[in-house]
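First up is the structure itself, then whatever we jot down about it.
The values are calculated or read from the model by the stated rules, or taken from the named source; none is laboratory data. No experiment lies behind these values; they were computed from the predicted model shown. So basically every Cβ, Gly included, is an ideal-geometry build from the backbone, and we count neighbours across all protein chains shown.
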Ligand SMILES: Cc1cc2nc3c(=O)[nH]c(=O)nc-3n(C[C@H](O)[C@H](O)[C@H](O)COP(=O)(O)O)c2cc1C
């Protein structure tokens, strides 16, 4: 299990952005972007805000599929709720994105409701913590790699840093705010090396 996940770029306790596909009782398929974490052994985790179709389908069917992709249009269409039927495989019993570089089928084991007070994201919606067990990992493309936001956030901060000394005060303030947000993202989603890099950069920013 571990080596299959490593092959598709997934490490334990790191957050990846993926496309979660589900099906409802009428056989209607749905796709949406969700963060996904591997907890070790065969356990996985995601959390879904109340009100999504994905959450409803997961609760009703006790399964979901994590599609590993870095296709910008798949992410965008799924988020804008316009991923057409042609994007899905022909299997009528499960929703999987056709030719996705890799996918993981998950059996849901536990769904725990958290109220906004338990959870530091502002808003009124409850959030559900969903733990599950990997049923199957399928790799279509040996170059499949789950997407982690950390490196993008770091590169964004490095680009800003390279311009930091030559811009005016207003722009510097903007860059600093962006860096602080990127540092937050990296500490939430990424590995120790990326965290070390952004922390070092933040110190340099503060000196500049
Ligand atoms: C990259 C990305 C990651 C996301 N991760 C999550 C997440 O982990 N949990 C969540 O509740 N919503 C997340 N969202 C928001 C859901 O995708 C969004 O609420 C979506 O409308 C749910 O669609 P659905 O109703 O078809 O399930 C994410 C959105 C994007 C673009």
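Side notes on the structure shown:
- The one condition in (1) within 11 Å of the ligand (Cβ to nearest atom); (2) assigned to a loop (DSSP other than H, G, I, E, B) that residue 93 fails to fulfil: (1)
- All helices (runs of 4 or more DSSP H) inside the stretch 107-208 with 1 or more residues being touching a strand residue (DSSP E or B) at 6+ places or on another chain (Cβ under 8 Å) and not assigned by TED's automatic domain parsing to the domain that holds residue 57: 169-189
- The listed residue being farther than 22 Å from residue 140 by Cβ, assigned by TED's automatic domain parsing to the domain that holds residue 114 and either surrounded by 15 or more Cβ atoms within 10 Å (Cβ to Cβ) or more than 9 Å from the ligand (Cβ to nearest atom) (or both), out of 81, 30, 57: 57
- Conditions (1) within 15 Å of the ligand (Cβ to nearest atom); (2) touching a residue at least 12 places away in the same chain (Cβ under 8 Å); (3) surrounded by fewer than 17 Cβ atoms within 10 Å (Cβ to Cβ): number failed by residue 107: (1)
- Matching residues in the stretch 35-54 - criterion: being without any contact (Cβ under 8 Å) to a residue 40 or more places away in the chain and either out of contact with any helix residue (DSSP H, G or I) (no Cβ under 7 Å at 6 or more places or on another chain) or within 10 Å of the ligand (Cβ to nearest atom) (or both): 37, 40, 52, 53, 54
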